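**Student:** Attaching a single structure in structure tokens format; questions to follow.
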Amino acid sequence: MRAPKALAVATILALAAVTPLVGQITSNPIPEPIQKRGLAVQIRDLVRLPDTRGLRPVEQDVSPSGWARISFVKDLPDGRRFVNDSRGLLYQLDANNLPHVYLNVGEAFPLAVYNRLESGFIGFAFHPDFARNGLLYTVHAERGPGNPKKPDFIPPGYTINDVTYHNIITEWHTTNPAANTFQGTRRELLREAHVVQNLTHPMGALEFNPTAKPGDVDYGLLYTSGSDHGFSNGGGPKANNPAQTQRLDTIMTAILRIDPRSPSVTHGVKGLGDYTIPMANKFAADGDPKTLGEIYAYGFRNAHRLSWDLTDGTMFASDIGMNQIEEINIVRNGENYGWMKREGYFENARGTLRGELNQLFTLPADILSGRQKDGFTYPVAVYDHDEGASVTDGFTYHGRIPQLRGKFVFGDIQRGRIFASDVAALKKADDGIPQTVAPIEEVQLYTVDAAGAKTNVTLQELIDKTMGSKISRADLHIGRSRDGELFITSRQDGVIRMLVPDGPAGRTTAQNR
């Protein structure tokens, strides 16, 4: 757990008193370590995807290349389970958890880029009414120069000559939603541009609110992850640009919420691409022509994963920080989450003081304590870079493991550590006071053999064992099954694992669907 609030603030102020510049944090902004307090859960292999390391030329693949580059595992209401390999394949897992190619996304897009961590076939989402309408959505990245298609959106101040990459949302319409392979048509919803040197922080996630029901204002609306599109550290002279953040005339740093139906169908307001702007978005109804109505919330560096609490619909975002702080945020319509002016509950020097991105400063005491408001919404859980390097997916847990009930489970991509916070504590921390954050504890993992013997392990150890050598990063992602259980995946070893109730070793089967 974190130190008590008063002690944490006192520690920050004490550190600030000895730094060269008033309020500057030079190291370890959150001194209290994440604790291991006996929260232990069994982890078990589900399936390993096919080896796709030779699918793309070596010079076009990311390094280290990884056996299969898993980003998402998702279930349909009918029990079918799907997983993507970002090298261009969408698999369906059959009743025995064996993978079969459902859709070859890479084959459809010959200009796709695969040499960055977030590249290629990045993410997917099935429409909540897929069984009836057969609609599936994907996001992928392509190279910009020489691309015959023109972007729907280029960041303000840049032209087509500055474009380095495209990020594309596609709608796929299958003729038979019950079929085990895709056959049908596709339509492009949005093509937006990157102008930095590297394909850094593209749209990484597409999601529908799983708690929305037919007739609800949120039903059938598609959310995208919120990111800076590389303007923080995307390489080249156009990067590290605070002028491209904290704006409402750009989709940089923004989570978008769109009605994916074409305005030709809805007769509604057209967005940047071939989709309709939901008038329930605050910036669609603010009467200001300079704000983009598709923006749901903004001010994120890389809120690459989104999820909802299945009990009350609270929306969460995992936002990857810069050099210092990783965040879990509760997301609301129309709110500003601070980047590049804020990182965690600190000022980022680049955004506020014309310093460097790796410099943090303490907030003024009146703002830190909540006595004065500054217009930003602050995270409900944070950790710093002596604990990890990049926060990954987080989900409220609704499954069969007693010790995880009431927890929000998330982790760190690079180090493969899995964390948990009490859901109630996260919601209590959403009080408008920046310094209020929920405690975090680490989830310990163990395996169980056929004789019932337990062995404590780390995810990194499991990955290294599978790969037969030590791998430099875990590349952890987490997913949630339709019955609330959690998938643990790695873009390195291509294995889908699950957190399971304590019990003897054995194959995890379709009972988890």
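The values are calculated or read from the model by the stated rules, or taken from the named source; none is laboratory data. None of the values given here were measured: they were computed from a predicted structure. For neighbour counting, all protein chains shown are included, and Cβ atoms are generated from backbone atoms with ideal geometry for every residue, glycine included.
**Student:** Consider only pairs whose beta carbons are under 8 Å apart and that are at least six residues apart or on different chains; among these, list those whose first residue lies in the range 42-57 and is closer than 27 Å to Asn456 by Cα and whose second residue is of a type in the set (Phe, Trp, Tyr) and part of a strand (DSSP E or B).
**Tutor:** Gln42/Tyr446; Ile43/Tyr446; Leu46/Phe487; Leu49/Tyr91
**Student:** Select from the range 378-407 the residues that are in contact (Cβ under 8 Å) with a residue 60 or more places away in the chain and β-branched (Val, Ile, Thr) and write down the one among them that is farthest from Leu445 (Cα to Cα).
**Tutor:** Per the stated criteria, the residue is Val382.
**Student:** Next question, about the same structure. With the requirement that a residue be out of contact with any Lys or Arg (no Cβ under 8 Å at 6 or more places or on another chain) and in a loop (DSSP other than H, G, I, E, B), what does the range 281-305 give you?
**Tutor:** Ala285, Asp286, Gly287, Asp288, Pro289, Lys290, Thr291, Leu292, Gly293, Phe300, Arg301
**Student:** Quick test of your reading of the structure: Lys427 fulfils all but one of (1) surrounded by fewer than 21 Cβ atoms within 10 Å (Cβ to Cβ); (2) without any contact (Cβ under 8 Å) to a residue 60 or more places away in the chain; (3) within 20 Å of the chain's Cα centre (by Cα). Name the failing condition by number.
**Tutor:** Of everything listed in (1) surrounded by fewer than 21 Cβ atoms within 10 Å (Cβ to Cβ); (2) without any contact (Cβ under 8 Å) to a residue 60 or more places away in the chain; (3) within 20 Å of the chain's Cα centre (by Cα), Lys427 misses just condition (2).
**Student:** Now a separate question. For residues in the range 107-143 being among the small types (Gly, Ala, Ser) and closer than 13 Å to Ile168 by Cβ, which is surrounded by the fewest Cβ atoms within 10 Å (Cβ to Cβ)?
**Tutor:** Ranking the qualifying residues of the range 107-143, first place goes to Ala108.
**Student:** Tally the residues that are surrounded by fewer than 21 Cβ atoms within 10 Å (Cβ to Cβ) and touching a strand residue (DSSP E or B) at 6+ places or on another chain (Cβ under 9 Å), restricting the search to the range 233-263.
**Tutor:** Total meeting the criteria: 7.
**Student:** Just checking, which of Ala243, Ala254, Ala178 is out of contact with any Pro (no Cβ under 6 Å at 6 or more places or on another chain), at pLDDT below 95 and hydrophobic (A, V, I, L, M, F, W, C)?
**Tutor:** Ala243
**Student:** Here is a follow-up. Out of Val163, Val139, Val113, report the one residue that is more than 25 Å from Thr185 (Cα to Cα) and touching a strand residue (DSSP E or B) at 6+ places or on another chain (Cβ under 8 Å).
**Tutor:** After applying the criteria, what remains is Val163.
**Student:** Give me a count of the residues in the range 160-169 that are farther than 24 Å from Phe124 by Cα and either at pLDDT below 95 or out of contact with any Pro (no Cβ under 8 Å at 6 or more places or on another chain) (or both).
**Tutor:** Residues in the range 160-169 being farther than 24 Å from Phe124 by Cα and either at pLDDT below 95 or out of contact with any Pro (no Cβ under 8 Å at 6 or more places or on another chain) (or both): 2 in total.
**Student:** Please go through (1) in a loop (DSSP other than H, G, I, E, B); (2) closer than 19 Å to Ala425 by Cβ for Gly388 and return the number of the only condition it doesn't satisfy.
**Tutor:** Just one mismatch for Gly388, condition (2).
**Student:** Does Gly406 count as surrounded by 20 or more Cβ atoms within 10 Å (Cβ to Cβ) and either basic (Lys, Arg) or farther than 23 Å from Asn281 by Cα (or both)?
**Tutor:** For Gly406, the condition - surrounded by 20 or more Cβ atoms within 10 Å (Cβ to Cβ) and either basic (Lys, Arg) or farther than 23 Å from Asn281 by Cα (or both) - is not met.
**Student:** So which of Ile433, Ile440 is crowded, with 20+ Cβ neighbours inside 10 Å and not hydroxyl-bearing (Ser, Thr, Tyr)?
**Tutor:** So the residue among Ile433, Ile440 that is crowded, with 20+ Cβ neighbours inside 10 Å and not hydroxyl-bearing (Ser, Thr, Tyr) is Ile440.
**Student:** Can you work out which of the residues in the range 442-469 that are of a type in the set (Asp, Glu) and under 26 Å from the mean Cα position of the chain (by Cα) is nearest to Arg44 (Cα to Cα)?
**Tutor:** Glu461
**Student:** Do we have any residue at all in the range 258-267 that's modelled with pLDDT of 95 or more, under 21 Å from the mean Cα position of the chain (by Cα), part of a strand (DSSP E or B) and within 17 Å of Asn209 (Cβ to Cβ)?
**Tutor:** Scanning the range 258-267, I find at least one residue that is modelled with pLDDT of 95 or more, under 21 Å from the mean Cα position of the chain (by Cα), part of a strand (DSSP E or B) and within 17 Å of Asn209 (Cβ to Cβ), so the answer is yes.
**Student:** Which of (1) within 22 Å of the chain's Cα centre (by Cα); (2) under 21 Å from Gly184 (Cβ atoms); (3) modelled with pLDDT under 95 does Phe72 not meet, given it meets every other one?
**Tutor:** (3)
**Student:** On to the next question. Specify the residue that is farthest from Ala239 (Cα to Cα); the eligible residues are those in the range 341-375 that are assigned to a loop (DSSP other than H, G, I, E, B) and basic (Lys, Arg).
**Tutor:** Checked the range 341-375; the qualifying residue farthest from Ala239 (Cα to Cα) is Arg371.
**Student:** Among (1) in a loop (DSSP other than H, G, I, E, B); (2) out of contact with any helix residue (DSSP H, G or I) (no Cβ under 9 Å at 6 or more places or on another chain), which single condition is Ala243 missing?
**Tutor:** Going through the list (1) in a loop (DSSP other than H, G, I, E, B); (2) out of contact with any helix residue (DSSP H, G or I) (no Cβ under 9 Å at 6 or more places or on another chain), Ala243 breaks only (1).
**Student:** Now for a different question. Just checking, does the range 304-319 include any residue being closer than 20 Å to Lys427 by Cβ, in contact (Cβ under 8 Å) with a residue 40 or more places away in the chain and among the β-branched types (Val, Ile, Thr)?
**Tutor:** Checked the range 304-319: at least one residue is closer than 20 Å to Lys427 by Cβ, in contact (Cβ under 8 Å) with a residue 40 or more places away in the chain and among the β-branched types (Val, Ile, Thr).
**Student:** In the range 353-376, which residues are of a type in the set (S, T, N, Q), under 19 Å from Gln435 (Cα atoms) and free of Cβ contacts under 8 Å to residues at least 60 places away in the same chain?
**Tutor:** Gln372
**Student:** So in the range 30-47, with the set limited to residues that are of a type in the set (D, E, K, R) and not in a strand (DSSP E or B), which one is surrounded by the most Cβ atoms within 10 Å (Cβ to Cβ)?
**Tutor:** In this case the residue turns out to be Glu32.
**Student:** Right, here's the next one. For the range 166-225, which fully contained strands (runs of 3 or more DSSP E) count at least 3 residues that are hydrophobic (A, V, I, L, M, F, W, C) and crowded, with 20+ Cβ neighbours inside 10 Å?
**Tutor:** 184-194
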